[in-house]
Amino acid sequence: MAEASWEVAINSKWCKKCGLCVAFCPKKVLGEEMGAPKVLNESLCIGCLLCEMHCPDFAIAVKRRDSK
Amino acid sequence: MAHPLEKYLRAGKLPHIWCAGCGHGIVTQAILRAVDELQLDTEKTVVVSGIGCSSRAPGYLHFDTLHTTHGRAIPFATGIKMANPELRVIVVTGDGDAAAIGGNHLIHAARRNIDLTVICFNNTIYGMTSGQYSPVTPGGSFASTAPYGMVEPSFDLCTLVAGAGGTFVARGTTYHARPLTNIIKEAIKHEGFSFVEALSQCPTYYGRRNKLRAPLDMLYWYRDHAVGVSQWEKLTDDEKAGKFPIGVLKKVEHAPEFSRVYSELIARARERSEA
Amino acid sequence: MNETGPRLLQGNEACVEGALAAGLRFFAGYPITPSTEIAEICSLRLPQVGGTFLQMEDEIASMAAVCGASLAGAKAMTATSGPGFSLKQENLGFAAQAEIPCVVVDVQRVGPSTGMPTSPAQGDVMQARWGTHGDHEIVVLSPSSVMEAYTLTITAFNIAEELRTPVVLLMDEIVGHLREKVTLDAAGKLPVVDRDKPSCPKELYKPYGPGQGRLTDVPPLAAFGEGYRFHVTGLTHGEDGSPTNNPKVGERQILRIVQKIASRRDELARFEEISMEDAEVVVVAYGGTARSAKKAVRDARAEGIKAGLLRVITLWPFPETRVAKLREMGLKAVIVPEMNMGQYVLPVKRVIGDACPVIPLNKVAGQFIEPKDILEAIKGAM
């Protein structure tokens, strides 16, 4: 599977499980497991940053993966 | 992987105090994203706040930060700006902090057109003290001090500040996070009194009492009731009912800015006293 | 306009000249009799030295602006009278908590409330000490002459800068509006103290940590805009300035800001003593009333009565040590004349205890306490 061009990382120490990131992701990259957000399909990420910008806790970060 | 805006945070102080799903973290991030994209000199940037949920923001921000008394962020900030006009001063305040106890200072700072960027985190409630109504709580809404529903008329903060003389007035919401970042950037760049009303959901106190318990409920409410300002102007009064414009609502370029005007006064006074 | 020779100066004007001599660069205030001349003169003089004068929308804003300006590195002052002094208390408390050097001038008038705006009184002396809420200490100085309005304003700034604290210059309308011939240069070049600046690397700076300069219990104060990126809050805080709910951390901070001043009570104490050595009756007085007390003591001595004057200049912290010495003089009485219903007499009485009678002499509603009133009280006590 080709490497995803975006990295998505969740900081569980800061995340308060409000669910906004999951709700705002237009590409179903994120899902919920036991109430907490989880990166399910990183390869589908298009780097729109909607999750990052709507996270009230600075707990999700999206970064372009450096092309090797 | 660190958060891209982490260098602007006092990371050791996080997780912050705000409730899960509170909009204040979104507005704070919009400010930091604006500062980052403008590449501001963070050594010359001061963030000043009053008292209330929003006003806890500076404690988490890696700038010179000042957490003042309730309603008084703007006069404290005025002192900073006038003592050192080189500094960029951003004021973080809430709807109660700015327009109830701080209302007198808000309209006078707007009148003076002093170069402050005031970001009002408007959750239409007093969150820190757990849910009393504020001067902008919508009519009929419930609050811990409005058990029969809010019966006082409320301010339109943007009209209030525009009427008092503010030369940049804009409104955004936490649903429209990217546009909110853009208007904050414009507000910071504007030389003069810039006011950004950032509607920010309070699920815990406003939401719970007004059938908008989940953070998403209120965000979708913003989505469904906000109208971009260019669109807004085309609407009839009926179509406007219950809705509100977002974006830059007022912008006056090149109006005299107070700290600059006073620097010129100093130059005049020095000439005259040396003559 | 740095005239050197003798000048006819008003107390309020001398106060401004003293502030400028101390390095005043920022004034924010609001018009209120009998202090307004201070604002007016600052509006004229400050721009001449590159400083800033702001007339704010109210006294609350004025005190706030002074705190902000000081944190931005400027020596800052405000001036007011009773009603404005009441409005300033919350932000005065903020300055005490956040350890912000500044000078607050209160030119007292008859209270309470609107009272008699153009008439003198001394009814704010307890408010100066306890006007703001919570445990704190404050330094309050009280001038009795136009010259002293000049010198004590310099002293007020020096104490504020050295101890990182607000200092109240407690004047009254007598001294504020009085005009006297003074030669400011006669005071000589008075030393001017500036706040300690941090000597540590910027990222290690603790705005409420241990002292790095002269005093170990007074932290250095960086200015906003110098790259220290420090936090200042009115919440009880730790050494890095961030809020704390930990009682031990909170206790350390509160005890430090209180002890910072209380432990220096004797060092801060200032008096003027007149024929005290063999006094049998001592008058303890301050501010405008002390002028009458001086005359009364001279008149008593002329009549062979052994009277003495202890004029208190640093009202707060209360000069326990010096007042306690009065107990050992075998005095017939201590007389405390005040233009209020008896305020400063309370701590005097607490310290004197049963060593001798402590006789309050009170007048209100702007009625001067004249030398003959005090002389009469002295005679009555003999």
In Å and from the alpha-carbon atoms only, list the Rg and Dmax of the stretch A:6-64. 9.9, 28
What is the order of A:Phe24, B:Phe244, fewest Cβ neighbours within 10 Å to most? B:Phe244, A:Phe24
Output field shielding_mean for C:214-224 (other chain Cβ, 10 Å radius) holds 2
Find the centroid of the Cα atoms in the stretch A:1-40 and in the stretch C:335-382, then give the distance between the two in whole Å. 76 Å
If you fit an axis through the alpha-carbon atoms of helix B:103-112 and take the longest principal axis of the Cα set of chain B, what angle between them do you get, 0 to 90°, nearest 10? 40 degrees
Average beta-carbon neighbours from other chains, 10 Å sphere, peptide B:9-17: 4
Amide H of C:Met171 versus every other amide H placed in the peptide plane: which residues, excluding those fewer than 5 positions away on the same chain, fall under 5 Å? C:Asp106, C:Val107, C:Gln108
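With all distinct Cα pairs included, what does the Kirkwood hydrodynamic radius of the protein assembly as shown come out to in Å, to one decimal, could you say?
On the way: mean 1/r = 0.0360 Å⁻¹.
Result for the protein assembly as shown, one decimal place: 27.8 Å.
Of the cross-linked pairs A:Lys13/B:Lys13; C:Lys294/C:Lys332; B:Lys44/B:Lys185; C:Lys325/C:Lys363, which ones have a Cα-Cα span greater than 21 Å in the structure shown? Can you show the working numbers first?
Details: A:Lys13/B:Lys13 12 Å; C:Lys294/C:Lys332 19 Å; B:Lys44/B:Lys185 16 Å; C:Lys325/C:Lys363 27 Å.
The answer is C:Lys325/C:Lys363.
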In Å and whole numbers, how far do the C-alpha atoms of the stretch C:272-381 stretch along each principal axis, longest first? 32, 29, 22
Calculated FRET value between C:Glu376 and C:Ala187, using beta carbons and R₀ = 41 Å, to 0.05: 0.70
Long-range Cα-Cα pairs in the stretch C:258-318 (distance over 14 Å), rounded percent: 56 percent
Which whole-angstrom value gives the distance between the alpha carbon centres of the stretch B:206-275 and the stretch B:107-144? 13 Å
GNM, chain C, Cα, under 10 Å: largest mean-square fluctuation among C:Pro219, C:Pro31, C:Pro201? C:Pro201
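Which percent, to the nearest 5, of DSSP beta bridges fully inside the stretch C:272-381 are antiparallel? Present the calculation step by step, with values, prior to reporting the outcome.
On the way: 3 of 16 bridges.
Bridges in the stretch C:272-381 are about 20 percent antiparallel.
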At 20 °C and a viscosity of 1.002 mPa s, what translational diffusion coefficient does Stokes-Einstein give for the stretch C:6-189, taking Rh as the Kirkwood radius over Cα pairs? Give it in µm²/s as a whole number. 137 µm²/s
Just the number, please: percent antiparallel of the DSSP beta bridges in the stretch C:6-189, rounded to the nearest 5. 20 percent
Per-residue average of other protein chain Cβ atoms inside 10 Å, peptide A:56-65 -> 6
Enter the angle in degrees (range 0 to 90, nearest 10) between the Cα long axis of helix C:82-97 and the first principal axis of the Cα atoms of chain C, meaning the one along which they spread out most. 50 degrees
Based on C-alpha coordinates, I'd like the Rg and Dmax of the stretch C:1-98, in Å. 13.3, 42
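Considering only the protein assembly as shown, what is the antiparallel percent among its DSSP beta bridges, to the nearest 5? Could the numbers behind the result be given before it?
Working: 29 of 95 bridges.
Given both bridge residues lie in the protein assembly as shown, the antiparallel proportion sits at roughly 30 percent.
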³J(HN,Hα) across the stretch A:31-39 via Karplus (A = 6.51, B = -1.76, C = 1.60, θ = phi - 60°), whole Hz, x for Gly/Pro? x, 10, 10, 6, x, 9, x, 9, 7
Roughly what would the spin-label model give for C:Trp130 and B:Asn104, points 7 Å off Cα along C-beta, in nm? 2.6 nm
Amide H of C:Leu315 versus every other amide H placed in the peptide plane: which residues, excluding those fewer than 5 positions away on the same chain, fall under 5 Å? C:Val140, C:Leu141, C:Ser142
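Starting from the Kirkwood radius over alpha-carbon pairs of chain C, derive D by Stokes-Einstein at 20 °C in a medium of 1.002 mPa s and give it in µm² s⁻¹.
On the way: Rh = 21.3 Å.
Here the translational diffusion coefficient equals 101 µm²/s.
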13 Å Cα-Cα reach of B:Lys251 towards aspartates and glutamates, excluding residues that sit fewer than 8 places from it in its own chain: B:Glu186, B:Glu191
Computed D for the stretch C:128-243, Stokes-Einstein, Kirkwood radius over alpha-carbon pairs, 37 °C, 0.692 mPa s, to the nearest µm² per second, is 198 µm²/s
Between 0 and 90°, nearest 10: helix C:146-163 axis offset from chain C longest Cα axis: 40 degrees
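All of the numbers you see were taken from the coordinates with simple rules; none came from a lab. What you are looking at is a predicted structure, and each value in this text was computed from that prediction instead of being measured. Because the Cβ atoms are built from the backbone with ideal geometry, glycine has one as well, and the counts that use them run over all protein chains shown.
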